[in-house]
Every structure is written in C-alpha cells, then in structure tokens.
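S.K.: Just dropping this structure here.
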2 protein chains.
Amino acid sequence: MNTRFRLLALSAVSALLLPGAVFSQATDDGKARRAIPGYTMGTPVVARSPITDAEFEALKKTLLFTNEDVQALRMAARVLDDQIEPVLDVWYGFVGANPHLVTYFSGKTGAPNPAYLNAVRLRFGQWIRDTTAANYDRAWLDYQYELGLRHTRLKKNKTDGVESASPVIHMRYLVAFIVPLTATMKPFLAKKGHSAEDVEKMHQAWFKAVTLTAILWAQPYVPAGDF
Amino acid sequence: MNTRFRLLALSAVSALLLPGAVFSQATDDGKARRAIPGYTMGTPVVARSPITDAEFEALKKTLLFTNEDVQALRMAARVLDDQIEPVLDVWYGFVGANPHLVTYFSGKTGAPNPAYLNAVRLRFGQWIRDTTAANYDRAWLDYQYELGLRHTRLKKNKTDGVESASPVIHMRYLVAFIVPLTATMKPFLAKKGHSAEDVEKMHQAWFKAVTLTAILWAQPYVPAGDF
C-alpha cells in the first residue's frame, strides 16, 4: 500500500474527532447519530430518481433480489457495525495503490486532496450503513440518483467544493468497483462467528446490493430511453 | 419455469441440427468448428473499440483481474466445454420466467420470436467459450464493443433482421445480469470434481470476466468522455 495513502486513511479516521467535520446529534429515539457533511438523504436538496416503482421491482427480480436478501443485509449491518473503519481502510488502500484511481481524488496539481478524501470517506462509511439497512424506499432511490449525479460532470466536486484533476468519475469504474467491493467484504462478514451458510447469504446479498447501487448510480450517465 | 419458454429452450437445442442455422466448417488445424450466424469476431465488419490499451489495463487492475484469473478461466473453459447447453437452459429459463426480460426477445405482437431466441442462444454459447478462452486481445475488445452496439438502438435487431417489441436492451439489465450469470455458474464449475479452492478461483475469475464484459458492452451507451 502507498504510504502516503495509508496516512490519508488514518487521517480520515481522525477526522471523526474534528469539530465541524462531523458531530453528534440527538435523534428522537435518543441515540447519538453522526451528521456527515454533504450527506443529504431524505432532504429536499436531493434529486428525484426517474426510475418507476415497476422498473425498480423488475430490476430487483433481475438481480435475484428477494426479501431474504433484505434480512441477510440487515444481519450484515450488525456484523459490520464496528468494522466500518477497517473496511474503509482496505478500500482506501486499494484506491491508494492505483494511481489511475487516486487521480479522481487529486487536485489540479495532481496531488491527492486529503480534505476531499476524508469527506468522501465519511459518506462512503454511511453508504455501507444505508446499503445494509436495506430500506430501499423512494427516499433511498432518490438519494442513489443524487449520488450517481455526484459522479457525473454535472455534480462531481460540487458537494465538497473542490477543484479536482477530473471533472467526472468515468462510469466504467462505477461498475468495475462491484468486484473489489464484493470480494473484499467476505472476510469482514465472516469475523463474527456466523455459520458458513449465513456468511454466504450475507455475501450474496451484499453482491446484489452493490450491483444494484452501481446500476442506479449509472443512470444519469445514460440517455433516459436507453437506461 | 414458463412452459412455452422451456419449449423454446429445447427448440434452440434442436436448432443445432437445422441446416442453415448452424453448420460445421473445417479450420486450418483440421478441427471441426461451428460457424454461428451473426458471429463475426475477428472479421472486418466488426466495430472498433475506442478503449485504449492503457485504459483496458487500468480497468483490469480495478477488477483485480490478473494472469491467475486467465488461467482459472481456461480451466473453466475445460470444465464447461460439455455443459454449455445446460448452462444456457438455466439462463433461458430465467429469462423465460421474467416477462420484463422476455419482451426484449418478442416481436411487435408481443409473442417471443423463436428464431431470434435461437440465434442469440448460439452466440450466447459462443460468448461463454470466448469469455473463458480469455484471449482478451484487440480483436476481442473490438468484438465486445460490437456486441455492446448490438444491444443499443444503433444495432439491436439488425444482426438477425428481426422486428422486435423493443428497439434497445436497457443498459440497466446489461449490468444487472452480472448477478444471475455469476450466481448460476458455480454449480456447473463444481461438477467435474475440482477442489473447492479451484472452483472458487474459477468462479471469482468468471465473476470478474462477466463484469468486464458488462462494462465493455455498456461503453456505446455513454458519451465518450464519461465512459
């Protein structure tokens, strides 16, 4: 792993302790909940997904996604709850070891932008939580479309107000990430003593959910009638 | 499984025996090779892929695709050699059980077109062979782009000269198919007595190769600078 990137990964962890970067907020049920800059699910600033309910149901069928997967994802949510940072360390290590991926997090000078990496990292962690919570309702669908837009040249770099070396995340990488995000997750799912069968169920459900996300994020790249 | 589709799947097998649909042809090395209507890899009528060698190498890195995967795919080629038809039976059964997928193989009247289904099936089988042969050279890249185009409204239905209910395969399904094509393959890879480790290696390599294919097929759906 690139040493600079390992440091960036660690500095992202420390960002959790920085005032302004992230803070705690009491929710109705009394639990502390982190507020993450740029994380806007369920708020009015989020785009509206053009996917219809019927199209979404058909898409889930094509992905063999059933209610059993919802249950398996929620089991995974409990398994991963205290492993989010180690998972992100692995993913950021992977990005850091690949200059063609680092470039998307780099400024105009070509050097990686730590503030940008940290901000994305916080949202990436929340994405794991939201994906495994598996409440795939209209607010979630709208937010996936919003996240897709934030990878296109329409909204990339705007959320964090950064100047980036790249005006767009090339769509091929949204889809390609299905493989590393799926392959690297299994050891984490196996770490809490679940049966091989349960680990496999969680892993398959995660694979489907990651693919579903990649598809929904790809929507704004493609002309409406072709998606 | 839809009974009509089971019959279509069986009739596709019988198409192997029909003159004109498929025939044998002696190749230079003396082995019989099937010629498949509309299968044009390596011929001058194929489109040229715009992906550069550097982009392709970076894409493979993102997919964690190494030479070990090439070897595992070639092992899978030997394992699957006499199982292509049963694999296609499973996939066609899946399509047949989902009306939202059947529609892509249907004529203007809404009824599935058996000739079209059969022609696609022969090429689908050859796609398994080509994917597991893992000779991912420029001719293969060009042909993946050609196959992508044949799913877009630019070329869909042209290869087989059909009138279809749909002028395009919606891109979301190209990506969604990563899941069923990956999940259904494992039992076939395990059928020839290989170790669990080898089966897992073949399966992971297949997962990466299917994702790679989906990405390359998606390229013509997306503006050049955004892919």
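S.K.: Of the residues that make up segment A:159-171, is at least one touching a strand residue (DSSP E or B) at 6+ places or on another chain (Cβ under 8 Å) and hydrophobic (A, V, I, L, M, F, W, C)?
M.R.: yes
S.K.: Ok, one more. Filtering segment B:99-127 down to residues that are within 14 Å of another protein chain (Cβ to nearest Cβ) and surrounded by fewer than 16 Cβ atoms within 10 Å (Cβ to Cβ), which residue is farthest from the chain's Cα centre (by Cα)?
M.R.: Looking at residues that are within 14 Å of another protein chain (Cβ to nearest Cβ) and surrounded by fewer than 16 Cβ atoms within 10 Å (Cβ to Cβ), I get B:PRO99.
S.K.: Given the options A:PRO50, A:PRO37, A:PRO86, A:PRO112, name the one that is modelled with pLDDT of 95 or more, touching a helix residue (DSSP H, G or I) at 6+ places or on another chain (Cβ under 8 Å) and more than 21 Å from A:ILE178 (Cα to Cα).
M.R.: Details: A:PRO37 fails: modelled with pLDDT of 95 or more; A:PRO86 fails: more than 21 Å from A:ILE178 (Cα to Cα); A:PRO112 fails: modelled with pLDDT of 95 or more.
Criteria check complete, one pass: A:PRO50.
S.K.: Which one is nearest to the other protein chains (Cβ to nearest Cβ), of the residues in segment B:139-175 that are of a type in the set (Asp, Glu) and open to solvent by 20 Å² or more (accessible area, probe 1.4 Å)?
M.R.: Within segment B:139-175, the match that is nearest to the other protein chains (Cβ to nearest Cβ) is B:GLU163.
S.K.: Another question about this same structure. Could you grab me the full set of residues in segment A:79-98 that are of a type in the set (S, T, N, Q) and crowded, with 19+ Cβ neighbours inside 10 Å?
M.R.: Within segment A:79-98, none qualify.
S.K.: Turning to a different aspect of this structure: Any idea which of A:HIS151, A:HIS194 is assigned to a loop (DSSP other than H, G, I, E, B) and under 20 Å from B:THR211 (Cα atoms)?
M.R.: The match here is A:HIS151.
S.K.: Among the numbered criteria (1) under 16 Å from the mean Cα position of the chain (by Cα); (2) assigned to a loop (DSSP other than H, G, I, E, B); (3) of a type in the set (D, E, K, R), which single criterion is violated by B:LYS208?
M.R.: Exception for B:LYS208: condition (2).
S.K.: Let me ask something else. Among the residues of segment B:181-198, write down those that are surrounded by 20 or more Cβ atoms within 10 Å (Cβ to Cβ) and either of a type in the set (S, T, N, Q) or at the interface with another protein chain (Cβ under 9 Å from one of its Cβ atoms) (or both).
M.R.: B:THR182
S.K.: Would you please name the residue that is nearest to B:LYS155 (Cα to Cα), looking only at residues in segment B:39-87 that are touching a Lys or Arg at 6+ places or on another chain (Cβ under 6 Å) and more than 14 Å from every other protein chain (Cβ to nearest Cβ)?
M.R.: Among those that are touching a Lys or Arg at 6+ places or on another chain (Cβ under 6 Å) and more than 14 Å from every other protein chain (Cβ to nearest Cβ), it is B:TYR39.
S.K.: Mind counting the residues in segment A:199-208 that are in contact (Cβ under 8 Å) with a residue 60 or more places away in the chain and facing chain B (nearest Cβ under 10 Å)?
M.R.: 2
S.K.: In addition: Report yes if some residue within segment A:155-170 is at pLDDT 95 or above and part of a helix (DSSP H, G or I); otherwise report no.
M.R.: Scanning segment A:155-170 turns up no residue that is at pLDDT 95 or above and part of a helix (DSSP H, G or I).
S.K.: Pick out, from segment A:32-145, the helices (runs of 4 or more DSSP H) lying fully within it that include 1 or more residues that are touching a residue at least 24 places away in the same chain (Cβ under 8 Å) and closer than 24 Å to A:ASP226 by Cα.
M.R.: A:53-62
S.K.: May I pose another question? Give the residue, chosen from B:PRO19, B:PRO44, that is open to solvent by 100 Å² or more (accessible area, probe 1.4 Å), at pLDDT below 90 and of a type outside the set (A, V, I, L, M). Full working, then the answer.
M.R.: Details: B:PRO44 fails: at pLDDT below 90.
The unique qualifying residue is B:PRO19.
S.K.: Given the conditions (1) within 11 Å of chain A (Cβ to nearest Cβ); (2) more than 25 Å from A:LEU212 (Cα to Cα); (3) surrounded by 20 or more Cβ atoms within 10 Å (Cβ to Cβ), and given that B:ILE178 satisfies all but one, which numbered condition is not satisfied?
M.R.: Condition (2) is where B:ILE178 drops out.
The values are calculated or read from the model by the stated rules, or taken from the named source; none is laboratory data. In this text, all values refer to a predicted model and were calculated from it rather than measured experimentally. Please note: Cβ atoms are built from the backbone with ideal geometry, for glycine as well, and neighbour counts cover all protein chains shown. Remember, those area values only see protein heavy atoms, side chains included, never the ligands or the DNA or RNA. Shrake-Rupley method; radii C 1.70, N 1.55, O 1.52, S 1.80 Å.
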